[in-house]
Amino acid sequence: MKALKWFEENEHKILNLYEAHSQSPKATWQALGEPGELKFNTFKSILPVYAALHKRFEERIVELNPEATPPGQVPVRFKGWGVRKKKGRYFEIFKRLNGRAKTLYIGKEWNEKTAREKIKELELNQ
């Protein structure tokens with residue numbers, strides 16, 4: 001438990017060094033100055049798992065939080081709705097509601113504000 005707390009406290013430093021050293025636990029350990037808080041065997045067994053979980057967690061945040069989507073990039077999911085570009089011409093969002101597929105037109109350009117407004121309007125009308 002002490003080791004995980006140490007990882008949590010030094011998360012950014014550890015993960016940045018891990019990436020900078022080609023995901024090598026030994027090189028990361030040496031770059032950290034061989035910290036005395038835990039043993040190398042513990043460090044090398046936890047590090048790859050911790051890094052993989054951190055990466056998955058970040059990906060999940062982007063998926064769940066549309067504001068975390070990089071500008072200019074269209075999300076695959078938006079507030080529980082799927083997003084697709086129909087026939088390469090316009091964007092729409094879709095979701096199954098009450099056993100039926102519901103599709104909302106967004107426009108020729110992806111616009112989160114429009115998508116939010118259309119979802120809110122649909123929820124008010126149901």
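FYI, it's all coordinate maths here, none of it is from the lab. Everything quoted here is computed from the prediction, not taken from an experiment. Ideal geometry is used to build each Cβ from the backbone, glycine not excepted, and the neighbour counts take in all protein chains shown.
Quick look at the values:
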| read-out | value |
| --- | --- |
| Cα-Cα over 25 Å, subset of K5/K79; K55/K118; K5/K39; K13/K79; K55/K87; K5/K44 | K5/K79; K55/K118; K13/K79; K55/K87 |
| Computed magnitude of the charge dipole of the chain (debye, nearest 20; Cβ of K, R +1, Cβ of D, E -1) | 900 |
| About the Cα centre, charge dipole magnitude for region 2-64 (Lys/Arg +1, Asp/Glu -1 at Cβ), debye | 260 |
| Per-q log10 I(q)/I(0), the chain, q = 0.09, 0.11, 0.23 Å⁻¹ (Debye; single scatterer per alpha-carbon; no solvent) | -0.46, -0.59, -1.30 |
| Descending principal axes extents, region 77-125, alpha-carbon based, whole Å | 28, 21, 16 |
| Residues K13 and V74, FRET efficiency given R0 of 35 Å [Cβ-Cβ distance, rounded to 0.05] | 0.55 |
| Cα gyration tensor shape for region 1-41, rounded if a/c is under 1.5, else prolate or oblate | oblate |
| Under Karplus coefficients 6.51, -1.76 and 1.60, residue-wise ³J(HN,Hα) of region 39-50 in Hz, glycine/proline x | 8, 4, 4, 5, 4, 6, 7, 7, 3, x, 5, 4 |
